[in-house]
Each structure stands twice: as structure tokens, then as C-alpha cells.
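Asker: Below is the structure I would like to discuss, written out as C-alpha cells.
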Amino acid sequence: MALLQDKVAMITGGTGALGRAVAERFLSEGAKVAIPYIIDAEVPLLEQRLGGRFAQANLLVSKVDVANPDQLGKFVDSVVKKFGRIDALVNLVGGFWGGKPISETTLEEWQAMFDLNLKPTFLCCKAVVPIMQKNKFGRIVSVASRSGLMGAGDFAAYAVAKGAIATFTYSLAEEVLNDGVLVNAIAPSTIDTEANRKAMPNAKHERWVKPEDIAKTLSFLCSDLNQVTSGTVVPVYGLA
């Protein structure tokens, strides 16, 4: 049997570079997948990657701002109506902008990193956790970063926002410990995407972690094979 056979997974950021790999992996492992998206131009890229799977009944793709509680709530309701439940939540929504020293970072820039990274993770968990608690089963994985665990000069806003996701993960995991819900995060180094290659053309791209390899880790953490791992941040650094 496939690793995620008949599991229902909600993958935010599922049309992005990492998300497309994760969506493909989850579908190939037998999951029913729901993807909220906000960037129209990314949808054809997902369709291209999935091919015939894009039109299958086990995939739901809807334009939703997951940072908007009303839109998110309606989407979650639609997922439950279509698939019956939500077994796994993969929080991939997030972002990054070029670094600045703390002394040059504006309050708006500082807040923007939390709104882009931490806020969607919080809101999606808030919306989905009660469903998982009711069903006494759930798997949640969010995305921190290596810089969020270690800090990074000139990138404090991003690093602190990602570090907050790690702390959020520890806290939520403790809250739902007795509900059959396992909560983890991953901490990537630089992910080998087209955008990152263009931004850092002289880097050692072959040492970066590939989206497909991250997707394998996520599929395990969201599967029944994961019975004991919760409240941790799993490093996915590749060779970087």
C-alpha cells in the first residue's frame, strides 16, 4: 500500500517550487490533496508538473488567501465537504526578502516577515487542529529554516520569524499530545529552486537540498509510519 493511501492532505503553498514537488509526491503516495493558492501564474506550473493527475477527483485547487481567516475557514469547510476530513496539514506558505542589518530594517519590513511566514502557519493550524482532534488523528508539518535555528546576520527579520515557527511547533505539539496529532517542522538550508539559482548563480547548487528530497521527508512525517516523532524540527540541509 502507498505511504499516504487515502489520507487527506492540505498543502498550503502547494503551487510554489517546493509545493509542486510535495503535491506530486503526496498524490503519488495515494493521498487526496487540497491546495489553496494565491498566485495565478503558479497554477499552470503545477498543472504541467502533475500532468493527468491535475484533473483527478483526488485533487482540489482553489484560490484562497490563507492569511484571511474568512477565506481560509470557507476553504477548510470545502475540503471537509469534498474529502470528509483533513488528516495532514503541510504549511509551506512563506517568503524571504533580501537582508538588511537590524539598524536599517523598518518596522514594516520586520512585521512583513511575520505576516508572511508565521501568520499563515498559525491561522491554518488554528483552523485545522479542531478537525484533527475530533478525529483523534492528524499530522502537521511546518517550515522553519536553518537560519531560524541558528540566527543569521543581516537577515534577522526572516530568521526570527522562522525561529518563531519552531517555537510554535513545540508549543502546539504539547497541546495536542493526547489527541493523536503529531506536530513537527522541517528546517531547510537553501533549496535548489530555479529562483534561488538565479539569485545565487555562483553558489554550489549541487550541494543544495532538492525539493523532491524534502517531499520524501514530509511524506514520512505525515504518514502512519510516523508514530512517535512530534514536537521537533527536522533538519533537511542536503550537503549545504
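Asker: Hey, fewest Cβ within 10 Å first, where do 39, 140, 86, 131 land in order?
Answerer: If I rank by nearby Cβ atoms, fewest first, I get 39, 131, 86, 140.
Asker: Put a dot 7 Å past each Cα toward the Cβ at residue 38 and residue 213; how far apart are the dots in nm?
Answerer: 3.0
Asker: Mind checking which of 169, 132, 185 is farthest towards the positive end of the chain's charge dipole, using Cβ charges of +1 (Lys, Arg) and -1 (Asp, Glu) about the Cα centre?
Answerer: 132
Asker: Okay, moving on. Along the three principal axes, how long is the stretch 1-76 when you take its alpha carbons, biggest first, rounded to the nearest angstrom?
Answerer: In descending order, the Cα extents are 37, 23, 20 Å.
Asker: Any idea what angle helix 211-221 forms with the longest principal axis of the chain, computed on alpha-carbon atoms, 0 to 90 degrees, nearest 10?
Answerer: For helix 211-221, the angle is close to 50 degrees.
Asker: Next question, about the same structure. Just the number, please: Stokes-Einstein D of the chain in µm²/s, Kirkwood Rh from C-alpha pairs, 10 °C, 1.306 mPa s.
Answerer: 88
Asker: Hand me the trypsin sites (Lys or Arg not before Pro) from the stretch 59-122 located in a DSSP loop with no more than 16 other Cβ atoms within 10 Å, in residue order please.
Answerer: In loop regions of the stretch 59-122 (DSSP not H, G, I, E or B), the sparsely surrounded trypsin sites (Lys or Arg not before Pro) are 85.
Asker: Within straight cross-link reach of residue 82, meaning Cα distance under 15 Å, which aspartates and glutamates are found once same-chain residues fewer than 8 apart are removed?
Answerer: 6
Asker: Follow-up question, since we're still on this one. Give me the dipole magnitude in Debye, nearest 20, for the stretch 8-236 about the Cα centre, with unit charges on the beta carbon: positive for Lys and Arg, negative for Asp and Glu.
Answerer: Here the stretch 8-236 has a charge dipole of around 480 debye.
Asker: I've got another one for you. Based on DSSP H runs of at least 4 residues, each adding -39500 (n - 2.57), what is the mean residue ellipticity at 222 nm of the chain after dividing by all its residues, to the nearest 500 deg cm²/dmol?
Answerer: -14000 deg cm²/dmol
Asker: Principal axis extents for the stretch 32-124, Cα atoms only, whole Å, descending order, please.
Answerer: 51, 28, 19
Any read-out appearing in this document is the output of simple, stated calculations on the displayed coordinates, not a laboratory observation. A quick note: this is a predicted structure, and the numbers were derived from the prediction, not measured. Here Cβ is always computed from backbone atoms with ideal geometry, including for glycine, and neighbour counts include all displayed protein chains.
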